[in-house]
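Everything below concerns the one structure shown next.
The values are calculated or read from the model by the stated rules, or taken from the named source; none is laboratory data. As the structure is a prediction and not an experimental result, all values here were calculated from the model. When we count neighbours, we look across all protein chains shown, and the Cβ atoms used for this are built from the backbone with ideal geometry, even at glycine. Quick note on the areas: whole protein, heavy atoms, side chains included, nothing else; ligands and nucleic acids left out. Shrake-Rupley method; radii C 1.70, N 1.55, O 1.52, S 1.80 Å.
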Amino acid sequence: MRVDQSEEMSEDEDRSLPSDLAGDAIAESVSKARNCVGCSGDVAGSDSGSAENILHNVLENVLHFLTSRRDRNAASLVCKSWYRVEALTRSELFIGNCYAVSPRRVTSRFNRVRSVMIKGKPRFADFNLMPPNWGAHFSPWVAAMAKSYPWLETVYLKRMSVTDDDLALLADSFPGFKELVLFCCEGFGTSGIAVVASRCMHLRVLDLIESDVADDEVDWISCFPEKETCLESLMFDCIECPINFEALERLVSRSPSLKKLGVNRYVSIAQLYRLMIRAPHLTHLGTGSFSTSEAVVHGESEPDYASAFAACKSLVCLSGFKDILPDYLPCIYPVCANLTTLNLSFANITPEQLKPVISHCHKLQTFWALDSICDEGLQAVASTCKELRELRVFPVDVREDGEGPISEVGFQAISEGCRKLQYILYFCQRMTNAAVVAMSQNCQDLVVFRLCIMGRHQPDHQTGEPMDQGFGAIVINCKKLTRLAISGLLTDRAFSYIGKYGKLVRTLSVAFAGNSDLGLKYVLEGCLRLQKLEIRDSPFGDGALRSGLHHYYNMRFLWMSACKLSRQGCQEVARAMPHLVVEVMRNENDDETENSVEVEGMENHVQVLYMYRSLEGPRDDAPKFVDIL
């Protein structure tokens, strides 16, 4: 089940600085120059202390109503008093980069935290562009929190390295622990999950999403308490090993609050039926395998799957469909009219198989699918799903030279039929400027636009022109845009549009685009709110890198791989910006051939640059293939 919860942790939603500790570096200097009214000695002696206590109490009560991280960060910079009170009232903590601040600094400032969200590796790690064993270890964080936050209830980790020992320490240290979400994490196995299940007696959420979970041959499902549980959400579709279904069935039966359930491919459709009749109150369901059941194999009659779905009156989100047999799709017809989210991104189905399903989905707001549904399937979505807010279309064939079944035809149909669209991720092999311009005109509420033309340097396939006009129209007409991914044949002209009109863009991803350093200069000088910049296989060099010296301290990170950077150019940036961590990476096996002629000829070339702001300076756990300049 492709489940992308990355948006929950994105600055696009909450316009925060790289972490909630961002104010530390300047708070002290600010407070020296500006004190709170009532804290500057207007009232002498004990009256002054009394007045300060009153203001402290009032401020504490007021700050409890501030939920936005951006607003809280701003409040902490008013003066010393506000800085202290804001820290005392902060219960939720967001760390956008685990190396931007140390656990010691976090726990010394915030001591009433109940919920922690931490992000580790940058997003390009998902595409195997970062060497394994790079870092982002959870161990120092959980060790520090175990000593300082005995009342911690929630941990949400993304792209972190988590060990079984980390999970054991977490389970033993927080008696009231309730929620654990591990998104794209690695390093742990079913043994660690078993410890969490057995020792966290108040667990409400256990979501393992796109994580790499080792099979330790442990029956972790049986480790949950035998009494009635507090479980509200259980997602484990990424666990690639069989589970004890009888134990899962008993667990579901004794979890009356369970609303979200996502099972793995080892749960058959017949077993799913048994789970559904025990939990008709589910709102979110990930189906696991959706193919011929064991009952059919042994000649038995199959259950009435459609009746089980019909009984789930509250179901609004449906996903999974791994190993799908399309003949079973009619089973979900009874719930389609109520669905707001449908994720078919693992279902290799045809337009003919999709149409009967989508024709019932008039309330659908989020739809994910494979490009096997073709332009015809997208046209069906456009004609039915008028409330659609988010569309993601993934490729079945990820080769750059493949023959993609979707094009500008389906893309334009969506723009004309789904005018409330706010988010689109679209993988295709060919596109036209006209279709992208139409999208910009028809869907002006777009916040996220990610068009991935998979073939390198692909122009408008009808006119042969660069895709500059299309992407230019997106940043000109979509004035709410905060995230943009660009691809195809693009010249510096496209980057000039982005720099001039993309004033709200906070995340920019660039692949195989641009023709000189001037393009990146346009972006770095024009996009003043840019927080995250990801670039791969583009012709930008040292001059482009130096053009952002004025802005890097305001960004969360810059990633550049397979560009034209030199070690000397990166070193110059590191010297000019001492509070910036500049990491240069090479392949792990490069150490073995360090003395070869080929390596000597390329020793000044930078394969991967990862640059981020940190209050702590360079990290102390960098592997050998990482040089910190």
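Place +1 on the Cβ of every Lys and Arg and -1 on the Cβ of every Asp and Glu in the chain, take the dipole about the Cα centre, and give the residue among 206, 527, 175 whose Cα lies farthest towards its positive end.
527
Could you check the spin-label model distance between residue 463 and residue 254? Points 7 Å from the Cα along Cα→Cβ, value in nm.
Distance between label points: 6.7 nm.
Could you tell me which of 100, 457, 504 has its Cα farthest along the dipole of the chain towards the positive end, charges placed at Cβ (Lys, Arg +1; Asp, Glu -1), taken about the Cα centre?
Towards the positive end, the residue furthest out is 504.
Taking a 1.4 Å probe, which of 605, 362, 281 shows the most accessible area, and what order do the others take after it?
Details: 605 70, 362 110, 281 50 Å².
Most to least solvent-accessible, the answer reads 362, 605, 281.
Go through the range 69-86 residue by residue and turn each phi into a ³J(HN,Hα) via Karplus (6.51, -1.76, 1.60, θ = phi - 60°); whole Hz please, and just put x for glycine and proline.
Karplus values, whole Hz, x for Gly and Pro: 4, 4, 5, 5, 4, 5, 4, 5, 9, 5, 6, 4, 4, 5, 4, 5, 5, 4.
Through the Karplus equation 6.51 cos²θ - 1.76 cosθ + 1.60, θ set to phi - 60°, convert the phi angles of the range 524-533 into ³J(HN,Hα) values in whole Hz; use x for Gly and Pro.
5, 8, x, 8, 6, 9, 4, 10, 10, 10
How much of the calculated P(r) for the range 70-218 lies past 26 Å, in percent of all Cα pairs?
Details: 2923 of 11026 pairs.
That fraction is 27 percent.
For the chain, with the dipole built from +1 on Lys and Arg beta-carbon atoms and -1 on Asp and Glu ones, taken about the Cα centre, which of 162, 131, 326 lies farthest toward the positive end?
Going by the Cα projections, it comes out as 162.
Place the peptides 572-585, 254-267 in order of packing, highest mean first, counting for every residue the other Cβ atoms within 10 Å and averaging per peptide. Could you put the intermediate results ahead of the total?
Numbers: 572-585: 17.4, 254-267: 20.0.
The most tightly packed comes first, giving 254-267, 572-585.
To the nearest 20 Debye, how big is the dipole of the chain about its Cα centre, given +1 on the beta carbon of each Lys and Arg and -1 on that of each Asp and Glu?
2580 debye
Pull up all non-local amide H partners of residue 447: gap of 5 or more, or a different chain, and H-to-H distance under 5 Å with H placed in the peptide plane.
423
Please list the non-local residues whose amide H lies under 5 Å from the amide H of residue 540, H modeled 1.01 Å from N, same-chain partners needing a gap of 5 or more.
564
Do the alpha carbons of any pairs in 500/521; 119/259; 121/624; 260/480; 147/624 sit beyond 20 Å of each other, and which pairs?
In this structure, 119/259; 260/480; 147/624 exceed 20 Å between Cα atoms.
5 Å is the cut-off here: which amide hydrogens, built 1.01 Å from N in the peptide plane, fall below it relative to residue 394, excluding neighbours closer than 5 in sequence?
For residue 394, the qualifying residues are 369, 370, 371.
List, in order, the whole-Hz ³J(HN,Hα) value for each residue of the range 89-98 obtained from phi through the Karplus relation with A = 6.51, B = -1.76, C = 1.60 and θ = phi - 60°; use x for Gly and Pro.
Result, ordered by residue: 9, 7, 10, 10, 10, 10, 10, x, 8, 5 Hz.
Relative contact order for the range 70-218: what percent, with Cα pairs under 8 Å and sequence separation of 6 or more?
Once normalised by length, the contact order is 18 percent.
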